[in-house]
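What follows is a single structure, written as structure tokens, with notes after it.
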Amino acid sequence: MTDLLDAMRSTASAVTRQLDALLPEAAGPRGQVVQAMRYATLGGGKRLRPFLVVATARLFDVRDPRALRVAAALEMVHCYSLVHDDLPAMDNSDLRRGNPTVHRKFDEATAILAGDGLLTEAFGVLSHPDTHKDPAVRALLVQELAAAAGAAGMVGGQMIDISPEREDLDLDGVTELQRLKTGALIDNACQSGAILGQADDPSRQALAAFTADLGLAFQIADDLLDTEGSSAELGKPTGQDVAAGKATFVSLLGPKGARDKAVRLVDSAVEHLNSFGEKADLLRQTAHFVIERKS
Ligand code: GRG
């Protein structure tokens, strides 16, 4: 696990430098939205999705600098989703990554614009020739991120999460909601690494099977941390789902049932990487990290 933590730390620093370079400060009256976009992206986070992009790209011998632009674009979308999720109209949270949320630090309108700005900027980065010399590769990266982030992906999952039906979801319903809300971007991380490496279909399918299990395991761990974790370590409020009466993996399966399911999912996720041999060791370790993390 030390190897993994070192590799994650190193990718996190590199992606932060990439984001810093892609989001230069701006002077004048529009400066505040850029400041808020930088605040939302540069101040911490595990950088799990960027790491998955880089680690997957390495399977196909893509060098890190090229993967880091794609990793930064995906992190922009992830950060936008956190900024909007924290807004009063959604979760109404004051704390994110141990700091005041964007609407608390700036104001609500700036937070909405910062999210919009990050989402838009991400597609600008992916479609830029510096991302890949082949326009077909760039177009596919754009297309797949749009599908993962849009109404058939993360945004759709968020809509289900705030819908009146949310309270009564059964296990299948919660699984589908989380497949969209959390799983779609996690899947996109690995798919983007594979697209950059112009991977063949069997490799893409193996990675999709890996992320289907990984995404759910990640969400179960998130539910467990929400009920058992420390707000100080997590850097965000805990107990919000329980307080809102939302069905979660923990409420439906109990803490032990949820933990057992997460372990089974990680075992299954790792199995899907068999065809990649030793090259996928970092991805295997990442799957274990996802359920052992404390934040
Ligand atoms: C507002 C369009 C829109 C979508 C919001 C992802 C999301 C959808 C909301 C985040 C709320 C939440 C707590 C979801 C559970 C899983 C999750 C995505 C946790 C946060 O991701 P981490 O743990 O965060 O990777 P860091 O800060 O490490 O990047």
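The values are calculated or read from the model by the stated rules, or taken from the named source; none is laboratory data. Keep in mind that this is a model prediction, so the values were computed, not measured. Every residue, glycine as well, gets a Cβ built from its backbone with ideal geometry; the counts of neighbours run over all protein chains shown. Side chains are part of the model used for accessible areas, which takes the heavy atoms of the whole protein and leaves out ligands, DNA and RNA. Shrake-Rupley method; radii C 1.70, N 1.55, O 1.52, S 1.80 Å.
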>> Among the numbered criteria (1) surrounded by fewer than 17 Cβ atoms within 10 Å (Cβ to Cβ); (2) in contact (Cβ under 8 Å) with a residue 40 or more places away in the chain, which one does Arg204 miss?
In response: (2)
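Out of Ala208, Ala262, which single residue is modelled with pLDDT of 95 or more and within 15 Å of the ligand (Cβ to nearest atom)?
Values: Ala208 fails: within 15 Å of the ligand (Cβ to nearest atom).
Ala262 is the lone residue from the list that is modelled with pLDDT of 95 or more and within 15 Å of the ligand (Cβ to nearest atom).
Need at least 1 residues that are within 13 Å of the ligand (Cβ to nearest atom), open to solvent by 60 Å² or more (accessible area, probe 1.4 Å) and of a type in the set (A, V, I, L, M, F, W, C) per element, so show me which helices (runs of 4 or more DSSP H) inside region 85-183 make the cut, counting only ones lying wholly within it.
Details: elements: 102-105, 108-127, 135-149, 154-161, 171-178.
Counting at least 1 such residues, we get 108-127, 154-161.
Taking the criterion of being under 30 Å from Ala139 (Cα atoms) and either within 15 Å of the ligand (Cβ to nearest atom) or in a helix (DSSP H, G or I) (or both), would at least one residue in region 218-228 satisfy it?
Step one: of region 218-228, the residues under 30 Å from Ala139 (Cα atoms) are 218-219.
Okay, now just the ones that are also either within 15 Å of the ligand (Cβ to nearest atom) or in a helix (DSSP H, G or I) (or both), so 218-219.
Yes, that holds for at least one residue.
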> Out of Leu22, Leu48, which single residue is over 18 Å from the mean Cα position of the chain (by Cα) and on the phi < 0 side of the Ramachandran plot?
Replying inline: Leu22
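Matching residues to (1) out of contact with any Ser or Thr (no Cβ under 6 Å at 6 or more places or on another chain); (2) at pLDDT 95 or above; (3) not β-branched (Val, Ile, Thr):
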residue: Asp86; (1), (2), (3): no, yes, yes
residue: Arg96; (1), (2), (3): yes, yes, yes
residue: Thr101; (1), (2), (3): no, yes, no
residue: Ala111; (1), (2), (3): yes, yes, yes
residue: Thr120; (1), (2), (3): yes, yes, no
residue: Leu126; (1), (2), (3): yes, yes, yes
residue: Val142; (1), (2), (3): no, yes, no
>> Just the residues that are at positive phi and open to solvent by 30 Å² or more (accessible area, probe 1.4 Å), please, taken from region 237-276.
In response: Gly245
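Kindly evaluate Leu196 against the criterion of being more than 16 Å from the ligand (Cβ to nearest atom) and either surrounded by 15 or more Cβ atoms within 10 Å (Cβ to Cβ) or within 13 Å of the chain's Cα centre (by Cα) (or both). Full working, then the answer.
On the way: more than 16 Å from the ligand (Cβ to nearest atom): yes; either surrounded by 15 or more Cβ atoms within 10 Å (Cβ to Cβ) or within 13 Å of the chain's Cα centre (by Cα) (or both): yes.
Against the criterion (more than 16 Å from the ligand (Cβ to nearest atom) and either surrounded by 15 or more Cβ atoms within 10 Å (Cβ to Cβ) or within 13 Å of the chain's Cα centre (by Cα) (or both)), Leu196 qualifies.
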> Taking region 20-63 on its own, how many of its residues are buried (at least 18 other Cβ atoms within 10 Å of the Cβ) and under 30 Å from Ser203 (Cα atoms)?
Replying inline: 16
>> As an exercise: evaluate Val77 against (1) of a type in the set (A, V, I, L, M); (2) within 12 Å of the ligand (Cβ to nearest atom); (3) out of contact with any Gly (no Cβ under 9 Å at 6 or more places or on another chain); (4) open to solvent by 10 Å² or more (accessible area, probe 1.4 Å) and give the number of the one condition it does not meet.
In response: (4)
> What about Asp6, is it acidic (Asp, Glu) and open to solvent by less than 60 Å² (accessible area, probe 1.4 Å)?
Replying inline: no
> Looking only at region 269-295, which residues are β-branched (Val, Ile, Thr) and within 13 Å of the ligand (Cβ to nearest atom)?
Replying inline: Thr286, Val290, Ile291
>> For region 253-295, give me each residue that is of a type in the set (Val, Ile, Thr) and closer than 25 Å to Ala12 by Cα.
In response: Val266, Val270, Thr286, Val290, Ile291
